[in-house]
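See below for the structure under consideration.
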There are 2 protein chains.
Amino acid sequence: MKKYRDIVGDGGSHILDQVGQQMDRLKARMDKIRHKVAIMSGKGGVGKSSITANLAILLSLQGHSVGVLDADINGPSLAKMMGARGQKLKTTEEGVQPALGFLNIPVMSMDLFLPTDETPVIWDAPTQQDSFTWRGSMEVTALREFLSDTDWGNLDFLLLDLPPGTDRLPNIVKLLPDLGGTLIVTIPSEVSQLVVKKSISVAKNILKTPVIGLVENMAGYVCSHCGTLGELFPSGNVKEWVQSLGIPFLGKIPFDSRISASADSGTPFLLEYPDSLTGQAFREIGKKVKEFFKVS
Amino acid sequence: MKKYRDIVGDGGSHILDQVGQQMDRLKARMDKIRHKVAIMSGKGGVGKSSITANLAILLSLQGHSVGVLDADINGPSLAKMMGARGQKLKTTEEGVQPALGFLNIPVMSMDLFLPTDETPVIWDAPTQQDSFTWRGSMEVTALREFLSDTDWGNLDFLLLDLPPGTDRLPNIVKLLPDLGGTLIVTIPSEVSQLVVKKSISVAKNILKTPVIGLVENMAGYVCSHCGTLGELFPSGNVKEWVQSLGIPFLGKIPFDSRISASADSGTPFLLEYPDSLTGQAFREIGKKVKEFFKVS
């Protein structure tokens, strides 16, 4: 396997120096953040971003300083969920100032850089016969910049909402050697579990990062007409299988259509409906995350 | 930008020859398939695989020969949904024989190649400073093999279930220059629409492939207790915004928890519940897909 330097020749050392300096800045920024938490699932659409946003709001309401980083470069939705869309980013001597979402929570997302809703992120190989694309590189580069050039300041928690898929995770997590823990999200369906199992393998065996536990999201639906808790996905015994893999089970979050409405309208669900079943479930999970980090 | 040949040197021509031969085989195979349809959304978890599986079953029940290709290398779930998991693949003189799902529909998926449920697909850069990964390449290589080395035989339809994300789509679609049309899937939430808009841009402006139309999935939930059609996601006017983008609106599919149960248990929903609201919705959409291809 050829190395980057072999390929880019003389120009390479300059780029390598730049990357090195950026990694130094990144380390200095990250040293000011106590706990870095990755939210992952492998599968898309299971509610990673929604859980990231609500966990951030919960921790902030409880007096912790918290920031959120949308590591999904392709389908960024966290800025919208945090009520931070459309803000112009400013750069000061301290670095890029993140957008501020609900409760002034700092938010960084590719969404803040795209000129229109319709703009996709595309990295195209220059010719059909080019046998590599710059894709992995571009994604990691963008995240390295979000981590190294953003003025996060001192934080108790930085929550990273990871993209779906397993193949890109190693390169993302390499940027954060002191990742404190990963929170894994699934929905009850066996199809989802099949994909999520692969993520657990990645977290445990490849990334070797501590796993905080698994959250079962969309666990049932409360009918807004009759109040019955109905089945949304067939409920395999998620708790049992995840515990058999040696992963703590953190709890179930029932589906509440008001969460999606809150995300769309830009008002935090946990502020509007703190005593809902779903709100209570979030608080239980938040408590377990804090216990994991021995934070009171 | 350096070209593949510049990097790999002498060894490169051999690999390029191999790729060239593979593309010739791919073309010969694809010439025997009348209509290639890509199912995409950009967003994960909106039901691409479920729609692919049920559309394949519907077309097959109506007498068309159809195959399905799971282009989601990271989170393959189509083999399970088609009841084809765990089959051993055989190779004959004609090529790799695909697994056979419900109604003997041929299925190809990375899932059939992974030794255990837990095995993730990972392409890791060799060192942290290596500024590119082989990821894009590996994914395209796997799909090129699925298309070129699988003995699909003569088919009326090949349905491709594309992975979430927009950045990889151009390289995937380059493999199929005669792609007949794309079917775009969203759920009603604004957050999903934000991501799906990017896919529509990719389909229309970058891939320049014909768009069959958009399907609104998970459009409401029928309570199994009281039968009321409740809201699952807040229903923005999907039909209106998609038509304003010049994309036909193909219809709404309400959420039916029995679909997920069917996918998990390996029995086709459309065979078990043909007259359900959701079954009727699938038939309406199937009809529009066939009208698009002028197939009776």
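For the stretch B:160-205, enumerate the residues that are over 13 Å from the mean Cα position of the chain (by Cα) and of a type in the set (Asp, Glu). B:Asp167, B:Asp178, B:Glu190, listed by residue number.
Among the residues of the stretch A:76-100, those that are among the hydrophobic types (A, V, I, L, M, F, W, C) and closer than 24 Å to A:Pro164 by Cα comprise A:Leu78, A:Ala79, A:Met81, A:Met82, A:Ala84, A:Ala99.
You will find that of A:Ser201, A:Ser189, A:Ser137, the residue that is crowded, with 22+ Cβ neighbours inside 10 Å, within 14 Å of another protein chain (Cβ to nearest Cβ) and either at pLDDT 85 or above or under 27 Å from A:Pro106 (Cβ atoms) (or both) is A:Ser189 and no other.
Among the residues of this structure, B:Asp156 does not count as one that is away from chain A (no Cβ under 11 Å), at pLDDT 90 or above, in contact with a strand residue (DSSP E or B) (Cβ under 6 Å, 6 or more places away or on another chain) and within 29 Å of A:Glu231 (Cβ to Cβ). Filtering B:Ala99, B:Ala142 for residues that are surrounded by fewer than 21 Cβ atoms within 10 Å (Cβ to Cβ) and either modelled with pLDDT of 85 or more or within 14 Å of chain A (Cβ to nearest Cβ) (or both) leaves a single hit, B:Ala142.
Restricting attention to the stretch B:220-230, the residues that are more than 13 Å from B:Lys252 (Cα to Cα) and at the interface with chain A (Cβ under 7 Å from one of its Cβ atoms) total 6. Output yes when any residue across the stretch B:35-46 is in contact (Cβ under 8 Å) with a residue 40 or more places away in the chain, more than 27 Å from B:Asn171 (Cα to Cα) and surrounded by fewer than 24 Cβ atoms within 10 Å (Cβ to Cβ), and no when none is. So far as the stretch B:35-46 goes, no, none of its residues is in contact (Cβ under 8 Å) with a residue 40 or more places away in the chain, more than 27 Å from B:Asn171 (Cα to Cα) and surrounded by fewer than 24 Cβ atoms within 10 Å (Cβ to Cβ). Checked against the criterion of being at the interface with chain B (Cβ under 7 Å from one of its Cβ atoms), hydrophobic (A, V, I, L, M, F, W, C) and crowded, with 20+ Cβ neighbours inside 10 Å, the candidates A:Val211, A:Val242, A:Val215, A:Val195 yield just one match: A:Val195. Restricting B:Ser192, B:Ser199, B:Ser224 to residues that are in contact (Cβ under 8 Å) with a residue 60 or more places away in the chain, polar (S, T, N, Q) and within 20 Å of B:Asp256 (Cα to Cα) narrows the list to B:Ser192.
Among the conditions (1) under 29 Å from A:Val46 (Cβ atoms); (2) modelled with pLDDT under 90, B:Gly11 misses just one, which is (1). Can you confirm whether B:Phe292 is closer than 20 Å to B:Ile200 by Cβ, under 21 Å from the mean Cα position of the chain (by Cα) and of a type in the set (A, V, I, L, M, F, W, C)? When the stated conditions are applied, B:Phe292 passes them. Here is a check on your reading of the model: is B:Gln62 surrounded by fewer than 24 Cβ atoms within 10 Å (Cβ to Cβ) and more than 14 Å from every other protein chain (Cβ to nearest Cβ)? So B:Gln62 passes the test.
Please note which helices (runs of 4 or more DSSP H) are completely contained in the stretch B:204-296 and include at least 3 residues that are modelled with pLDDT of 90 or more.
In the stretch B:204-296, the matching helices (runs of 4 or more DSSP H) lie at B:238-244, B:277-292.
The values are calculated or read from the model by the stated rules, or taken from the named source; none is laboratory data. Keep in mind that this is a model prediction, so the values were computed, not measured. Please note: Cβ atoms are built from the backbone with ideal geometry, for glycine as well, and neighbour counts cover all protein chains shown.
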